[in-house]
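The values are calculated or read from the model by the stated rules, or taken from the named source; none is laboratory data. This one's a predicted model, so the numbers in the text were calculated from it and none came from an experiment. Cβ placement follows ideal geometry from the backbone for every residue including glycine, while neighbour counts extend to all protein chains displayed. To get the accessible areas, we keep the full protein, side chains included, count just its heavy atoms, and leave off ligands, DNA and RNA. Shrake-Rupley method; radii C 1.70, N 1.55, O 1.52, S 1.80 Å.
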Amino acid sequence: MAKIQGAVTVNKERCKGCNLCVVACPTETLSLQPYEVNDRGYHFAFMSNPEACIGCCSCALVCPDACIEVYRVKID
Amino acid sequence: MDIEDIIKPENKVYAAPELLEEVNMHYCPGCSHGVIHKLVAEVISELGIVERTVGVSPVGCAVFAYNYIDCDWIEAAHGRAPAIATAANRLWPENVVFTYQGDGDMSAIGTAETIHAANRGENIVMIFVNNAIYGMTGGQMAPTTLIGQKTSTSPYGRRVDLNGHPLEITNLLKELDGTCYVTRQSVHTPANVRKTKAALKKAFMNAIAKKGTSVVEVVSTCNSGWKMTPEKANEWMAQHMFEKYPLGDLKNSES
């Protein structure tokens, strides 16, 4: 069976660290940076568990600042 | 497979819509306005009507909507967006005109304009963002505030004897003969975001086909005004708001 693997990129300067993508992710791929902040002082989101991503776009759909891009590949 | 091998242009399945400007939005972190802007931008570019779309922005948090979506915009006086949209649509009938209003704009100061524009059946789309509070001015009580909800002007909760009942303006608009499509959606989960996008698309297609007024209410959060984190605000909305403002199509004259 083909396996789906995904990845996301977060525009970290645009991210406001609202945590909505972290809550929406069904595979617990995303987290907020615990210490690092962007230029505006927000703890931006990043892929803390990249292997788990299935490219379902849930994070990108609920992101209010449109800072998430989603990529998906099929592995045979 | 390495992450670098996955992140390639040919594997991209979701990106921010082209119509959304690169500037940082002024909204608070987690505000529903951002999601709704994104959906409006996606729908306009998918329908291929960028060149003939005119938005009318309100007074409220969404007052700077013209900075974020790259189509033509008119800024209306407080509550007068449906009147401006009427003029824009009647003077250029080939244009697709939509208003983007909050609950203070649409159901408080602009009630008359809203009801009469809908009653005349103007071929416009009204996007109504209902967060049950005056967000921009500091979280005061709005006509849509729920009974018992605490705001800065109702610190012990809204009381029926003092403040009256919450105004469900979408239910009023449903009764008017001029409206062709009235729906109430929300954007707190990925599934609801998809439904809201479908509703917005239908509303814009009604405006293109000149079927009458379409109203899309989006029940949304104001985490700053409600004094909650964005995720808590979403939970609170699902628990309390949907009881008074149930989701779904209220009127769909085709079916």
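For the protein assembly as shown, the solvent-accessible area works out to 43 Å² per residue, with a probe of 1.4 Å and every protein chain left in place. For chain B, what are the DSSP H helices with axial Cα length of 20 Å or more and mean Kyte-Doolittle hydropathy of at least 0.0? Result, helices passing both filters: B:32-47.
Rounded to the nearest 0.05, what FRET efficiency do B:Val50 and B:Lys210 give with R0 = 30 Å and r taken as the Cβ-Cβ distance? Could you check? Walk me through the numbers on the way to the answer.
Values: r = 19 Å, r/R0 = 0.64.
Result of the calculation: an efficiency of 0.95.
Classification of the stretch B:26-252 by its C-alpha gyration tensor yields a prolate form. The axis ratio a/c (a ≥ b ≥ c) is 1.5 or more, and a/b outweighs b/c. In terms of its alpha-carbon gyration tensor, the stretch B:44-142 comes out oblate; a/c meets the 1.5 threshold, while b/c is at least as large as a/b. Legend: calculated FRET efficiency, A:Thr9 to B:Gln239, from the Cβ-Cβ distance at R0 = 41 Å, rounded to 0.05, equals 0.75.
The stretch B:137-151 and the stretch B:53-84 have Cα centres separated by 24 Å. Other protein chain C-beta atoms within 10 Å of residue C-beta, averaged over B:228-236: 3.
Dipole magnitude for the stretch A:3-75: about 200 debye, using +1 per Lys or Arg Cβ and -1 per Asp or Glu Cβ, origin at the Cα centre. Within the assembled protein chains, the solvent-accessible surface assigned to A:Lys16 is about 10 Å², based on a 1.4 Å probe.
The 1.4 Å probe gives accessible areas that order A:Glu13, B:Glu18, B:Glu254, B:Glu235, largest first, as B:Glu18, B:Glu254, B:Glu235, A:Glu13.
For the stretch B:197-255, trypsin sites (Lys or Arg not before Pro) are listed when DSSP marks them as loop and at most 13 other Cβ atoms sit within 10 Å of their Cβ; the list is B:Lys210, B:Lys227. Subtracting the Cα-Cα distance of A:Tyr35 and A:Ile54 from 0.36 nm times their residue separation leaves 4.2 nm of extension gain.
Rounded, prolate or oblate for the stretch A:3-75? Axes are the square roots of the Cα gyration tensor eigenvalues, ordered a ≥ b ≥ c, and the cut-off for rounded is a/c under 1.5. Here the stretch A:3-75 falls in the prolate category. The stretch between B:Glu94 and B:Glu18, if pulled fully straight at 0.36 nm per residue, gains 25.0 nm over its current Cα-Cα span. Projecting label points 7 angstrom from Cα along Cα→Cβ for B:Arg159 and A:Ile75 puts them 6.4 nm apart.
Shielding by partners for peptide B:8-19, expressed as the average number of C-beta atoms from other protein chains within 10 Å of each residue's C-beta, is 5.
Is there a quick way to get the dipole size of the protein assembly as shown? I mean about its Cα centre, with the Cβ of Lys and Arg at +1 and of Asp and Glu at -1; what is the value in debye to the nearest 20? Write out the running numbers ahead of the final one.
Details: 30 positive and 36 negative charges, 168 e Å.
Charge dipole, the protein assembly as shown, about its Cα centre: 800 debye, nearest 20.
So, by mean Cβ neighbours within 10 angstrom, what's the order for B:96-105, A:51-60 with the highest one leading? Mind showing how you got there, number by number?
Working: B:96-105: 28.1, A:51-60: 20.1.
The densest-packed peptide leads the list: B:96-105, A:51-60.
Per residue of B:186-198, count partner chain C-beta atoms within 10 Å of its C-beta, then hand back the mean as an integer.
Numbers: counts 0, 4, 4, 6, 10, 2, 2, 7, 2, 0, 1, 1, 0.
That works out to 3 on average.
Using the rule -39500 (n - 2.57) for each DSSP H run of four or more residues, divided by the residues of the protein assembly as shown, the 222 nm mean residue ellipticity is -7500 deg cm²/dmol.
Using heavy-atom solvent-accessible surface (probe 1.4 Å) with all chains present, what is the largest-first order of B:Ile169, B:Ile147? Please report the intermediate quantities before stating the final value.
Numbers: B:Ile169 0, B:Ile147 85 Å².
Ranked from most to least accessible, the order is B:Ile147, B:Ile169.
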